[in-house]
Amino acid sequence: MLESAIPEHYRKERTCPVSTPPNYEPPFPSYCARFPAKMESLVLAIIGAQYASSSSNDGAGISTIKKFMTGAPDAVRPSFWEVAAVTDKKGAYNIAVLAYWPGADIQKKWAEGSGFQTWWDALDAEQEKHGWFVEVLSPSLERFETVFSNHSAPEGAANMQESISGEMEEHGYWGSMRDRLAAAQADKLVGGKRDIVDGEQKAEVGKTTAKRVRVSGKGNLCVIRSGQDWASTLPDERKLYLETMHPVLIQGMNFLRDNGREIGCYSMNLWDVVDTDTSKADKEKTFGLGFFDDIASLEFWSKSHQTHINIFGGFLMYAKKLDFQLSLKLFHEVFVLQPDQQFFEYVNCHEGTSMLNSLGF
Ligand code: HEM
């Protein structure tokens, strides 16, 4: 018996119909996380340091950030965190902690209780030798969905689950991401326009290095974190992954990173999950982290752009070759955020950094 991704307590009368085909049987199993009913929101905070290049990373930035995770009082520490790094389109090296909390209140208590907020507020952009950034996504649970291919390996926010679902119905067809979002039952989640503010902010801000720049929230901003983990593949599958899937994934991510603006993608980077202690990118785990003007733009790219069609088509061939017995683990999590569920602030970062890129530089 297939389960719906939307838990009972969030179901309501639909004014926006699902796209599930009649008598649908998904081509392969997928699962989602079930969170405690009393949990109303969650937080993903991406807190990082930016260096001109990987060779200028002295390790001090990430070590400062990690201390705010490990040194915080037990009651407010994140439920789960990991470290990831990426060299972006300007050649800058970004290294960040991605940390999750089971609610916006507890994350705020962490920011105060760990000393993070005091430290962050005191940073002087003109004096800093490298960049720093904080991005906080705090969706109510109706505005968040996650799906993963392996039920024994929850990723990201799914580490805060109360249980893992049984095999889920809404996946494997175009439109399924939207069908898994409780908020989309009666709301098309159309993106808000911020063009005028963009213009104002751009004029006011100019160059963003040596400055502290806050980017205001945008109605129904859509953020995706889509992860790939091939660490437990055996040699044959690893070879197949690296030769057939990884190259098309990089092409797709590079398209969105370099030309995404034309289809509503403000920013995309393919990050490596790195070793928490050594910062080495040897974990065989990556994720695309992208910011879109709304969910329709993300749907459009995934369904119709050749780069994701190649990823999708490549995956079906890959899975068939392995008789659907994959050790590759895939997951994604999608956030559709109201303006007050977003916080983006950049200190001494270049203009192309993440949501700074939405200012139109
Ligand atoms: C959907 C494969 C990477 C965005 C799908 C689906 C497959 C797939 C098989 C349909 C599956 C389902 O709903 O259960 C892959 C593979 C990837 C990959 C094998 C990497 C190796 C990405 C990345 C992004 C992305 C990096 C964006 C950052 C999407 C979106 C959908 C989707 C938004 C949902 C479309 C909808 O429901 O309408 N992908 N994908 N994928 N993928 Fe990918």
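Figures for the structure shown
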quantity	calculated
Computed label-point distance, nm, for sites GLU262 and ASP187 using a 7 Å Cα→Cβ extension	3.2 nm
Over the chain: helical MRE at 222 nm, DSSP H runs n ≥ 4 each giving -39500 (n - 2.57), nearest 500	-7000 deg cm²/dmol
P(r), alpha carbons of the chain - 10 Å bins starting at zero, rounded %	5, 24, 35, 26, 9, 1, 0
Filtered trypsin sites (Lys or Arg not before Pro), region 85-175: DSSP coil and at most 14 other beta carbons within 10 Å	LYS90, LYS129
Two-site label geometry, ASP277 and LEU322: point separation in nm, points 7 Å out along Cα→Cβ	2.9 nm
Low-density loop positions, trypsin sites (Lys or Arg not before Pro), region 212-314 - DSSP coil, at most 10 other Cβ in 10 Å	LYS280
Full-extension gain in nm, HIS305 to GLU3, via 0.36 nm per residue minus C-alpha separation	105.7 nm
Among GLN127, GLN185, GLN251: highest mean-square fluctuation, GNM of the chain, C-alpha pairs under 10 Å	GLN127
Hypothetical label at PHE343: residues of region 24-63 whose amide nitrogen lies under 13 Å (7 Å Cα-Cβ projection)	43-47
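Where a number appears in this text, it was derived from the coordinates with a stated rule and is not lab data. What you see is a predicted model, and the numbers here were worked out from it, not measured in a lab. Positions of Cβ are backbone-derived with ideal geometry, glycine not excepted, and every protein chain shown enters the neighbour counts.
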